[in-house]
Amino acid sequence: MNNLQFDFRVDKTTKTVYIDREFNAELSLVWDAFTKQEILDQWWAPKPYLSKTIRMDFREGGRRFYAMVSSAGVEIGWQIQDYTSISPKTNLKFLSVFADKDENPFLPGSNWDLNFSEQNEITKVSITIYNDSLERMEKMIEMGFKEGFTATLNELDTLLSS
């Protein structure tokens, strides 16, 4: 990875995960990768899993409801992203919660704050994930969030370079 920044920090005292990742791609392309269903479904899951959006309404007050799908085609987990703030090409905020197949949320969730910036054709995405409870954050980390989300961001990197 040609000297692009990738930083992943966990702060238990503030129940927050901080991720900084640079991509060798234009800002508009990276923004689209995070906000368009047909692109999100190509990378928003660590292999061998796939992301399958059931419904997406990308606007403040809108929602994305999606499933993680195994290589055998079995839906293994559902998530809701409720969009709370959108500033095109600079910032995106959403509440992320696990759910059942009928879209019933399992609270508590986590608040994601994504900031996008571009310099010299390198786009940086800074993600702050604030968890409503330390227990939820520890469970998320224990379930392999760091490894899984790192693999997911690597999928995006591969997609952007193709």
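Check the stretch 16-39 and report whether any residue there is over 21 Å from THR123 (Cα atoms) and either touching a helix residue (DSSP H, G or I) at 6+ places or on another chain (Cβ under 8 Å) or modelled with pLDDT of 95 or more (or both). Yes, the stretch 16-39 contains at least one residue that is over 21 Å from THR123 (Cα atoms) and either touching a helix residue (DSSP H, G or I) at 6+ places or on another chain (Cβ under 8 Å) or modelled with pLDDT of 95 or more (or both).
Considered as a group, the residues in the stretch 131-147 that are within 16 Å of the chain's Cα centre (by Cα), surrounded by fewer than 16 Cβ atoms within 10 Å (Cβ to Cβ) and of a type outside the set (A, V, I, L, M) include one that is nearest to THR16 (Cα to Cα), and that residue is LYS146. Output the residues belonging to the stretch 9-35 that are touching a residue at least 12 places away in the same chain (Cβ under 8 Å) and part of a loop (DSSP other than H, G, I, E, B). Listed by number, the residues that qualify are LYS12, THR14, LYS15, ASN24, ALA25, GLU26.
Can you name the residue in the stretch 152-162 that is hydrophobic (A, V, I, L, M, F, W, C) and over 12 Å from PHE6 (Cα atoms) and, of all such residues, is most open to solvent (accessible area, probe 1.4 Å)? Please lay out each step first, then the result.
Taking the stretch 152-162 first, the residues hydrophobic (A, V, I, L, M, F, W, C) are 153, 156, 159-160.
Narrowing further to those that are over 12 Å from PHE6 (Cα atoms): 156, 159-160.
Numbers: LEU156: 0, LEU159: 46, LEU160: 24 Å².
My answer is LEU159.
Scanning the stretch 103-121 for residues being open to solvent by less than 40 Å² (accessible area, probe 1.4 Å) and either in a strand (DSSP E or B) or in contact with a Ser or Thr (Cβ under 9 Å, 6 or more places away or on another chain) (or both) gives a total of 5.
Could you tell me whether any residue of the stretch 73-86 is open to solvent by less than 60 Å² (accessible area, probe 1.4 Å), part of a loop (DSSP other than H, G, I, E, B), over 20 Å from GLY144 (Cα atoms) and out of contact with any Lys or Arg (no Cβ under 7 Å at 6 or more places or on another chain)?
Looking only at the stretch 73-86, we keep the residues that are open to solvent by less than 60 Å² (accessible area, probe 1.4 Å), and these are 73, 77-83, 85-86.
Restricting the remaining residues to those that are part of a loop (DSSP other than H, G, I, E, B) gives 73.
Now narrow it down to the ones that are over 20 Å from GLY144 (Cα atoms): 73.
In the following step, the residues that additionally are out of contact with any Lys or Arg (no Cβ under 7 Å at 6 or more places or on another chain) were identified as 73.
Looking through the stretch 73-86, at least one residue is open to solvent by less than 60 Å² (accessible area, probe 1.4 Å), part of a loop (DSSP other than H, G, I, E, B), over 20 Å from GLY144 (Cα atoms) and out of contact with any Lys or Arg (no Cβ under 7 Å at 6 or more places or on another chain).
Return the residues of the stretch 36-60 that are in contact with a strand residue (DSSP E or B) (Cβ under 7 Å, 6 or more places away or on another chain), not in a strand (DSSP E or B) and not basic (Lys, Arg); say none if nothing qualifies. GLN37, LEU40, ASP41, TRP44, ALA45, TYR49, ASP57, PHE58, GLU60, listed by residue number.
The values are calculated or read from the model by the stated rules, or taken from the named source; none is laboratory data. Here the structure is a predicted model, which means the values were calculated and not measured. Every residue, glycine as well, gets a Cβ built from its backbone with ideal geometry; the counts of neighbours run over all protein chains shown. Only protein heavy atoms, including side chains, enter the accessible area calculation; ligands, DNA and RNA are left aside. Shrake-Rupley method; radii C 1.70, N 1.55, O 1.52, S 1.80 Å.
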